[in-house]
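One structure is given below, encoded as structure tokens.
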Amino acid sequence: MEILKMTALELSKAIKSKEITVRQATQAVLDAIADYDGTYNCYTCVCEKEALERADEVQKLIDEGKLDASPLAGVPIAVKDNICTKGITTTCSSKILSNFKPTYNATVVERLNEAGMVIVGKLNMDEFAMGSTTETSYFGATKNPWNIECVPGGSSGGAAASVAADEAIIALGSDTGGSIRQPCSFCGVTGLKPTYGSVSRYGLVAYASSLDQIGPIGKDVADCAAMYSIISGRDEKDGTSMDFEKFDYTEVLKGEVKGKKIGIPSDYFGEGIAKDVKKKVLAAAEKLKEMGAEIEEFDMPIVKYAIPAYYIIASAEACSNLSRYDGIKYGYKSESARNLRETYIKSRSEGFGMEVKRRIMLGNFVLSSGYYDAYYKKALQAKKLIQQSFFDAFEKYDMLLGPVAPTTALKLGESLSDPLKMYLGDIYTVMINIAGLPAVSVPCGFDSNNMPVGLQLIGKPFDEKTIMQVAYQYEKATDFSDKKPNLIKA
Amino acid sequence: MDYEVVIGLEVHTELSTKTKIFCGCTTEFGGEPNTHVCEICSGMPGTLPVVNKSVIEYAIRTGLATNCKITQYNKFDRKNYFYPDLPKAYQVSQLYLPICQNGFVEINASEGGKKKVRIHEIHMEEDAGKLVHDDFEDCTLVDYNRCGVPLLEIVSEPDMSSADEVIDYLEKLKAILQYIGVSDCKMQEGSLRADVNLSVRKKGANEYGTRTEMKNINSFKAIKRAIEGETERQIDLLESGEKVVQETRRWDDSKGESYAMRSKEDAQDYKYFPEPDIPPIEISDEKIEQIKNALPELPEKKKQRYMEEMNLPEYDTGIITNSIHLVRLFERTAEICGNPKDAANWIMGELMKMLNDTQTLPEDMKFNQDSLGKIIVMLNENKISRNTAKKVFEKVFSEDVEPEKYVKENNLEVMTDTGAIKGIIEKVVADNPKSVEEYKSGKEKAIQFLIGQSMRALKGQAPAQEVTKILHEILD
């Protein structure tokens, strides 16, 4: 079987049984990048030399039997470019960090290294994860493999597109307001936004610290579950990471849909949702009903506060998190600056893109004295109410079901001219981050333009297992995840 | 017109925990620039803070020792400001829920008696780095070694009304912090820093005047001068019909004057918000109880005990209990020599003189704590003379010699052989016929000269009474 067509679990199995070497697997991915990334622009950096060296190291460990317990040993992986990799550029797709090489590895990177995975490169994203299209990247937009005139979604657009275009076997993304789920929906792949506190954020360059979470993007649910089992778990270096029972991905494969109570928030199908999206998501609900789930609609009027609350909280934290980039210590430094003050101002003016500047200003505004109570404090109140309404819903349901995004992938350039419209596209995803819940995005069909549609299943805190079990059964019962785009060589 | 001055203090104290507040780097003072740093305290992208549990414990200890209520549900907040010594461009601090609130420290009031200086709050925060201005290269360098060293900010109410009260408050506070072992309080190393908020008003007025803030004054003497200078400046302004402007001022101790740094209008908006990287910290009743039970005897209590149990004068006990280093020396000395009174006298007399003469602070004393006790024992057992004892103590103070060994090696022991002593004195008498003549002709004073000469000949190694006795035997 062709390496690139395999899932990560299949590939690791083939490597362990000596059908394929780690070097062959790594080389296959590197070749795919060489052939296709000119078209899709998924990567900000490919580390060929390091990857091949590492492949041989991993091969040795596998041969010695030291990685038998790792479900993904030997599998090449690509990592979103806001996750710190020691000695390898970590740019956040921003000019201001375009030359930044961290001196340390993020905890997730340490964990995937321990699991014997091989990092092949860093993935394109919206600058500092701010955006829903991957168009705000300093390194240019990533193209949607299903239609190169469309965006791949964002901010983990490079990650979702690389998996869809077989330029990666599996990838790590990050999700602050939908940044894993929405690009997965747009590119027809599967992604998990884990519970806040279940995956260490140590080494994830912060956008909005109370919302950010790293998660897997893969070809199917089982791969994401295996990846999640590797990266999750308490980390001493992240005070917000939590202790919980070790996640066993094989449990995910054994679940059942029958008897599961699934709630559908009617407010997720209101104004603004595309007809095709609504149809496909409701059809998925119907399918799950056939499979034995109990489906019920309920009202969740709090949805209307989600977008303003999210953009206030996220921008406030972002403006603080991003004020350290000054052109002095690391990163881009303006060459035309003649003194310290100019170095600060010019480096930041030239180093940040429009969307990032917009959110820095918005954040400073909502935090400034005189406005704090009217905006930030209100947003925190809304956060409490949102958490409460999920809490109430989970009294009745095992999980919630809805669309990931109101539309399928938009045309390139469409959102840049109208940021407010782009923000509204996050309506179904941001609440999950505000409430800190896990949610999975799985393909559930295609619209009339043959663009993928994603289904979102939202779970109780630290109950990744249940949503992934249902997603896995749904995936098995349908063939949407098996569909592949026709790829265009560069 | 009579004025009164109203002063409140913000004291920053660096905690002497082994490691920094959010990472494992050492808090040790000094070190080559940027050697006590890691990716966390230098604010590298992606790093996160994890709170050092000792910092919480030290803060609780401080709160309990200053009669505060401990906040059991704690949060940290971000104070956002941009400055080159602050690599994250925000300081993690506590605004909304400081760990200690509503305490007090008792001080001596200027008008006599005691008074309470109320503590509004104590909160935890991280220190910033240090800018080093290199005049020679005409550039400024930044040293992050101090970044992330844990600080407590102790905020008093405006309850002090003179420079003396401020100094007494600071001394009391410093003593408490040293007693409970949370800080070494070395002002010269910046581990104790004070910002002075000061206003004046007409005596008896109800409303406070407009206050100014003087930042980071780095010695008690400078604080005293700064307060006196600022009080005078504000009174002069009011007397000449002008207004005090609310502003931050810098005290230049060498010129003896302050100048404006920034006014209230330019005051920075710190855009505080809850620190998302640190979850709330809950402190149990048991934890507080446990820390409370482990608190050592505090200065005021110790002072009372010294006065009651050891019958020491109030002044002496006040001086000794003001410094944990003097307390340690005192208690060890008293234990060895078995006589607290002697121990106190030596500390108040000889030691104070040496500290003064050499401009040494009690915390910088370098000698073995057993030495003074051993000297007193030798003196009390008449093994050495008082003069010798003083000289040995000087050697102990300056070179940390071992007193018993030193006495032996330098033959400083008192001569116990009365025959030998007598022989030497007889020689002195024989060598000074003129003085002997004078004494015998009734000039009593002449014997003093002979005693002096004898002591010299004996190198001070015989007790003066013994010498006097023998002289009288010979001459009378």
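Points to keep in mind about this one:
- Candidates A:Ser320, A:Ser336 - the one that is more than 14 Å from chain B (Cβ to nearest Cβ) and of a type outside the set (Asp, Glu): A:Ser336
- Filter result (among the polar types (S, T, N, Q), more than 16 Å from the chain's Cα centre (by Cα) and in a helix (DSSP H, G or I)) within segment B:341-384: B:Asn345, B:Ser371, B:Asn380
- Residue count for segment A:235-261 satisfying the condition of being away from chain B (no Cβ under 14 Å), open to solvent by 60 Å² or more (accessible area, probe 1.4 Å) and among the basic types (Lys, Arg): 4.
- Filtered residue count, segment B:404-454, keeping only those that are of a type in the set (Gly, Ala, Ser) and outside any helix (DSSP H, G or I): 2
- Filter result (among the β-branched types (Val, Ile, Thr) and open to solvent by 30 Å² or more (accessible area, probe 1.4 Å)) within segment B:28-50: B:Thr35, B:Val37, B:Ile40, B:Val50
- Of the residues making up segment B:138-191, those that are crowded, with 23+ Cβ neighbours inside 10 Å and assigned to a strand (DSSP E or B) are B:Pro150, B:Leu151, B:Leu152, B:Ile154, B:Ser156, B:Met160.
- Members of segment A:399-413 that are over 13 Å from A:Pro265 (Cα atoms) and of a type outside the set (Lys, Arg): A:Ala405, A:Pro406, A:Thr407, A:Thr408, A:Ala409, A:Leu410, A:Leu412, A:Gly413
- Number of positions in segment A:66-115 that are open to solvent by less than 10 Å² (accessible area, probe 1.4 Å), away from chain B (no Cβ under 14 Å) and within 17 Å of A:Glu48 (Cα to Cα): 5
- Across segment B:61-106, the qualifying residues are those that are assigned to a strand (DSSP E or B), within 11 Å of another protein chain (Cβ to nearest Cβ) and basic (Lys, Arg), and the one among them that is surrounded by the most Cβ atoms within 10 Å (Cβ to Cβ) is B:Arg78.
- Enumerated helices (runs of 4 or more DSSP H) restricted to segment A:351-438, each holding at least 3 residues that are of a type in the set (A, V, I, L, M, F, W, C) and within 14 Å of chain B (Cβ to nearest Cβ): A:354-367
- Test: residue in segment A:226-234 that is among the aromatic types (Phe, Trp, Tyr) and surrounded by fewer than 22 Cβ atoms within 10 Å (Cβ to Cβ): no
- Qualifying residues in segment A:375-403 (those that are basic (Lys, Arg) and in contact (Cβ under 8 Å) with a residue 12 or more places away in the chain) - the one least open to solvent (accessible area, probe 1.4 Å): A:Lys383
- If the condition is being open to solvent by less than 60 Å² (accessible area, probe 1.4 Å) and within 14 Å of chain B (Cβ to nearest Cβ), then segment A:339-350 contributes A:Thr343, A:Tyr344, A:Ser347, A:Arg348.
- Cross-chain or 6+ apart pairs with Cβ under 7 Å, segment B:263-284 first and more than 30 Å from B:Thr210 (Cβ to Cβ), then open to solvent by 50 Å² or more (accessible area, probe 1.4 Å): B:Pro274/B:Lys75; B:Pro280/B:Tyr73; B:Pro280/B:Lys75; B:Glu282/B:Gln72; B:Glu282/B:Tyr73; B:Ile283/B:Gln72
- Within segment A:441-471, the set of residues being open to solvent by 40 Å² or more (accessible area, probe 1.4 Å) and over 21 Å from A:Ala274 (Cα atoms) comprises A:Lys460, A:Pro461, A:Phe462, A:Lys465.
- Test for A:Ile312: is it open to solvent by less than 10 Å² (accessible area, probe 1.4 Å), farther than 30 Å from A:Asn99 by Cβ and not in a loop (DSSP other than H, G, I, E, B): no
- Consider segment B:1-23 and keep the residues that are out of contact with any helix residue (DSSP H, G or I) (no Cβ under 6 Å at 6 or more places or on another chain) and in a loop (DSSP other than H, G, I, E, B). The one that is nearest to B:Ser110 (Cα to Cα) is B:Asp2.
- Complete set of residues in segment B:433-454 that are among the small types (Gly, Ala, Ser) and in contact with a helix residue (DSSP H, G or I) (Cβ under 6 Å, 6 or more places away or on another chain): B:Ser435, B:Ala446, B:Ser454
The values are calculated or read from the model by the stated rules, or taken from the named source; none is laboratory data. From a predicted model like this one, the values you see are computed outputs, not experimental measurements. With ideal geometry, Cβ positions are generated from the backbone for all residues, glycine too; neighbour counts draw on all protein chains shown. In case anyone asks, the SASA skips ligands and DNA or RNA and just uses the protein heavy atoms, side chains included. Shrake-Rupley method; radii C 1.70, N 1.55, O 1.52, S 1.80 Å.
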